[in-house]
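Have a look at the structure below, then the notes.
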Amino acid sequence: MLEINFQIRNIELLPKTKDYIIERINKFDKLLVGYENLTVSIVKISNSKVKNNFYEMDITLKMPHAFIKVEEKGTNINTLIDNLLE
């Protein structure tokens, strides 16, 4: 099981959503042997022009000889994690 660090700003992440993120990322545990750090950042973007909640999510993976970062923006956190992992 991977150790995942969460950085959450401007929202309270529900346990159900956090469990979904952990479940989806743990499907890659066999591929991520020797990783140093895995961080999931979620930020709620406040904008008076947008009626729905808008989120920015990124996953950062630090390995001994590689650094991988993927980013996505959208209105649904579960959809964002699915898009990022593709």
State whether the residues of segment 58-77 include one that is under 14 Å from the mean Cα position of the chain (by Cα), surrounded by 10 or more Cβ atoms within 10 Å (Cβ to Cβ), assigned to a helix (DSSP H, G or I) and aliphatic (A, V, I, L, M).
-> yes
Take segment 23-44 and flag every residue that is among the hydrophobic types (A, V, I, L, M, F, W, C) and exposed (fewer than 15 other Cβ atoms within 10 Å of the Cβ).
-> F28, L31, L32, V33
Subset of segment 1-19, residues open to solvent by 100 Å² or more (accessible area, probe 1.4 Å) and touching an Asp or Glu at 6+ places or on another chain (Cβ under 8 Å), comes to M1
Filter segment 45-57 down to the residues that are at pLDDT 90 or above and not hydrophobic (A, V, I, L, M, F, W, C), then identify the one that is most open to solvent (accessible area, probe 1.4 Å).
-> E56
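The values are calculated or read from the model by the stated rules, or taken from the named source; none is laboratory data. Just so you know, these numbers come straight off a predicted model, no measurement behind them. Cβ sites come from the backbone with ideal geometry, for glycine too, and all protein chains shown count toward neighbours. Please note that ligands, DNA and RNA were not included when accessible areas were found on the heavy atoms of the full protein model with its side chains. Shrake-Rupley method; radii C 1.70, N 1.55, O 1.52, S 1.80 Å.
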